[in-house]
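The values are calculated or read from the model by the stated rules, or taken from the named source; none is laboratory data. Worth saying up front: this structure is predicted, and the values here are computed from it rather than measured. Using ideal geometry, Cβ is built from the backbone for each residue, glycine included, and neighbour counts are taken over all protein chains shown. To get the accessible areas, we keep the full protein, side chains included, count just its heavy atoms, and leave off ligands, DNA and RNA. Shrake-Rupley method; radii C 1.70, N 1.55, O 1.52, S 1.80 Å.
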Amino acid sequence: MKNIQEDIKTGNFKQAYLLYGEEAYLKQQYKHKLVQALNPEDDTMNFNHYEGRNIDVKELIDLCETMPFFADRRVVLLEDTGFFKNKCDELADYMKELPDYLCLIFVENEVDKRNRMYKAVKAAGRIGEFVQQDEKTLMRWAAGLLKKEGKMITQRDMELLLTMTGVDMGNLRMELEKIISYTGDRDVVTGEDILEICTTQTQNKIFDMVRAVTEKNQKRALDLYYDLLTLKEPPMRILFLLAKQFRQLLLVKEYAEEGIPQPVMASRLGVPSFVVKNIAVCARSYRISELRQAVTDFVDAEEAVKTGRLQDVLSVELLIVKYSSARR
């Protein structure tokens with residue numbers, strides 16, 4: 001990313017750029033920065049945009065061979081093409097001899113680094129991978145956005161915010177804008193503000209449901225489940241996320257017995273450290289044997305639904321009831 005920033009700053013552009021990765025917000029930000037820097041006058045005659053997997057490669061190459069009209073360069077933006085997962089030998093060969101006036105910008109979700117197109121872009125230009133940001137980076141970024149608006153927030157309330165919004169930067173940015181508008185002239189963002197105005201992501205609603213289950217608060221767990229159904233969440237998606245949460249409970253329980261530090265747990269699970277703390281609290285309610293049985297039960301429930309032995313809504317409800325019931 002630093003190299004791409006340097007190219008934009010100096011104006012010394014490469015002939016090809018590939019932006020890819022799961023962090024969509026950052027990826028889109030860099031896409032817009034590159035396009036704006038390469039085409040500052042918004043020249044529609046010398047800028048072309050392709051999207052999707054049905055691009056005619058021969059037509060694309062013909063366009064690339066077309067000299068720019070009263071301009072120094074032709075810019076072609078290509079999004080979600082699949083060129084970096086599937087074979088595209090003709091374009092990969094063409095990448096070896098790009099005309100001086102041409103700049104190609106590829107934006108993809110996934111790539112195969114063994115793919116010829118990946119290697120061709122690497123040889124001709126720059127590749128930027130946009131990964132999910134760690135919690136410290138997100139907190140610093142979010143605090144910076146609030147500071148620009150003259151607002152402060154404690155670390156505890158920032159953790160609450162990330163717990164509710166998740167770690168997607170685009171979603172976090174939208175929630176921050178809501179908070180800024182909601183708090184008006186006040187200079188401190190409180191936990192009450194966050195709880196009042198922020199939209200909890202489905203996966204975090206699932207965690208709230210798991211917490212209610214582990215606390216043996218059966219009524220709240222079922223209420224949260226019915227709320228998710230009201231929001232048109234498919235029962236099988238809820239089952240999948242519920243199973244994922246219980247697998248994490250089991251792993252954290254096992255890691256704790258092995259004496260593994262929480263930062264290492266967070267790295268292995270791919271979640272922020274404060275999330276591991278929350279998972280560890282929930283895991284205390286169960287023995288390892290119970291969690292292993294729970295993981296097995298979730299697999300069995302999915303199989304029962306797929307084979308028609310159990311109705312999907314009921315399958316999740318039965319699991320919630322089983323694991324939120326007080327021990328005898």
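Can you go through 239, 291, 249, 269 and tell me which one is over 28 Å from residue 140 (Cβ atoms), open to solvent by less than 40 Å² (accessible area, probe 1.4 Å), among the aliphatic types (A, V, I, L, M) and at pLDDT below 90? Can you show your working first?
Values: 291 fails: at pLDDT below 90; 249 fails: at pLDDT below 90; 269 fails: over 28 Å from residue 140 (Cβ atoms).
From the options 239, 291, 249, 269, the qualifying one is 239.
Among the residues of the range 71-85 satisfying the criterion of being in contact with a helix residue (DSSP H, G or I) (Cβ under 8 Å, 6 or more places away or on another chain), part of a loop (DSSP other than H, G, I, E, B) and not charged (D, E, K, R), which is modelled with the lowest pLDDT?
Of everything passing the filter in the range 71-85, 71 is modelled with the lowest pLDDT.
Output the residue which, of all residues in the range 69-78 that are charged (D, E, K, R) and either over 19 Å from residue 121 (Cα atoms) or over 33 Å from the mean Cα position of the chain (by Cα) (or both), is least open to solvent (accessible area, probe 1.4 Å). Outline the logic, then answer.
Taking the range 69-78 and keeping what is charged (D, E, K, R), we get 72-74.
From what's left, either over 19 Å from residue 121 (Cα atoms) or over 33 Å from the mean Cα position of the chain (by Cα) (or both): 72-73.
On the way: 72: 140, 73: 77 Å².
Across the range 69-78, the extreme among qualifying residues is 73.
Here is a check on your reading of the model: is residue 277 under 22 Å from residue 165 (Cα atoms) and part of a loop (DSSP other than H, G, I, E, B)? So that I can check it myself, show each step before the final result.
Working: under 22 Å from residue 165 (Cα atoms): yes; part of a loop (DSSP other than H, G, I, E, B): no.
In short, no.
I'm trying to understand the selection: among the residues of the range 216-233, which are in contact (Cβ under 8 Å) with a residue 60 or more places away in the chain and surrounded by fewer than 19 Cβ atoms within 10 Å (Cβ to Cβ)?
Of the residues in the range 216-233, the ones in contact (Cβ under 8 Å) with a residue 60 or more places away in the chain are 216-218, 221-222, 225, 229.
Across the range 216-233, the qualifying residues are 216, 217, 218, 222, 229.
Could you check residue 16 against (1) more than 28 Å from residue 172 (Cα to Cα); (2) of a type in the set (Gly, Ala, Ser); (3) surrounded by fewer than 11 Cβ atoms within 10 Å (Cβ to Cβ) and say which number it fails?
(3)
Which number in (1) assigned to a helix (DSSP H, G or I); (2) under 20 Å from residue 199 (Cβ atoms) marks the one condition that residue 143 misses?
Of everything listed in (1) assigned to a helix (DSSP H, G or I); (2) under 20 Å from residue 199 (Cβ atoms), residue 143 misses just condition (2).
Which of (1) open to solvent by 20 Å² or more (accessible area, probe 1.4 Å); (2) over 21 Å from residue 277 (Cβ atoms) does residue 160 not meet, given it meets every other one?
(2)
Which numbered condition in (1) open to solvent by 40 Å² or more (accessible area, probe 1.4 Å); (2) touching a helix residue (DSSP H, G or I) at 6+ places or on another chain (Cβ under 7 Å); (3) closer than 29 Å to residue 153 by Cα is the only one that residue 210 fails?
With (1) open to solvent by 40 Å² or more (accessible area, probe 1.4 Å); (2) touching a helix residue (DSSP H, G or I) at 6+ places or on another chain (Cβ under 7 Å); (3) closer than 29 Å to residue 153 by Cα applied to residue 210, the lone miss is (1).
Kindly evaluate residue 66 against the criterion of being free of Cβ contacts under 8 Å to residues at least 60 places away in the same chain, over 17 Å from residue 110 (Cα atoms) and more than 32 Å from the chain's Cα centre (by Cα). Working first, answer last.
On the way: free of Cβ contacts under 8 Å to residues at least 60 places away in the same chain: yes; over 17 Å from residue 110 (Cα atoms): yes; more than 32 Å from the chain's Cα centre (by Cα): yes.
In short, yes.
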